[in-house]
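The structure appears right after this line, and notes come after that.
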Ligand SMILES: [Zn+2]
């Protein structure tokens, strides 16, 4: 059993309980939590390690949405407009994918561990990131993605999807869980959506989809007009949208662990539907900013659970979750700072765990021992300011325990 204590311990539970001089005992799972005084009484003969001045212990961060296969992009793709970006992805896809070697993906995953991430939701379009994800020390929920709307291609696409999913399922382990992603309502044929959701329900797998990411998407889905009109006409000879947003969402009933990424253009009715589905919204603010999409209106979400993701390096400059949270902190200027900081840290921990269906993201007895620690540059005088101080001053961790093992200092 391992014992640690720090000046501050953030549980990231529903009450956002913070324990000053907090201690934790764990093996693969968390066995006990309390104050150092309690622990000294209870575990008088144990060695309880102090993590130093201004130390913080909190749950590991969960990057709920990342595309590792696009990790090689630095300056190739075009930002500033969603449809322009999409054209640039299509034009440069092969060269970007080819450059994302296993070594490159492995090194990004290692960096994530050093940056405090303990779990990822990896969206895999091709299966090229499978070996890296299987071998990584991170907890990985691996989403095999379905994409394609051309009627004459449907059978081929479905067979290909089933093959990739089978490969992922064959690698299942404590740290590697297969899941299913649907690319989006505009890019995936309703038949494929229906069939893959049937598989997800039968095997109780987590499901994720991009939804209402851009104005172009909203205009196309609702009115078959807007910036996507020429895109679909020229690329696929398609003149009308295959589905409406409400019909798309309707198909996701009875999925236990469901998340929709972006949702920045989702209207009241769609948000209500997402809420009724018990789904989570995954917020990727850097990606939304770079593609000049709308900023998610966090105040508008009511009680819909929130998770955070970096999206891929195809629409970000980093997979560092602390950087993502910090940027979100500065973007959402309509919320009180400490209230927002609490919301973002909760989203990046327990919010991600809910979306991915994992027993992690909260420091409490019985949860997986996915724990990070770091030291703030100076003393924090007020408990209420701690979440903000963490966001402002943290980009790396000193320890990153994943299921009880410090994967940073092995
Ligand atoms: Zn994405």
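Just so you know, all these numbers are worked out from the coordinates, no wet-lab data involved. As the structure is a prediction and not an experimental result, all values here were calculated from the model. Quick reminder, even Gly has a Cβ in these numbers, built from the backbone with ideal geometry, and neighbours come from all protein chains shown.
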Within the chain, helix-based [θ] at 222 nm, where runs of 4 or more DSSP H residues each add -39,500 (n - 2.57), nearest 500: -10500 deg cm²/dmol
For the chain, what does the relative contact order come out to in percent, with C-alpha contacts under 8 Å and a separation of six or more? 22 percent
What are the extents of the Cα atoms of segment 1-72 along their three principal axes, in Å, largest first? 51, 26, 24
Kirkwood hydrodynamic radius of segment 61-356 from all distinct Cα pairs, in Å? 19.0 Å
Over what distance in Å are the Cα centres of segment 300-322 and segment 215-234 separated? 25 Å
What does the convex hull of the Cα atoms come to per residue for segment 50-167, in Å³? 147 Å³
In vacuo Debye sum over C-alpha of segment 137-208, base-10 log of normalised intensity I(q)/I(0) at q = 0.12, 0.16, 0.27 Å⁻¹, listed in q order, is -0.31, -0.53, -1.26
Among 356, 277, which comes first, second and so on when ranked by fewest other beta-carbon atoms within 10 Å? 277, 356
Over segment 291-410, with a single point scatterer placed on each C-alpha, what log10 of the ratio I(q)/I(0) does the Debye formula yield at q = 0.12, 0.22 1/Å? -0.49, -1.56
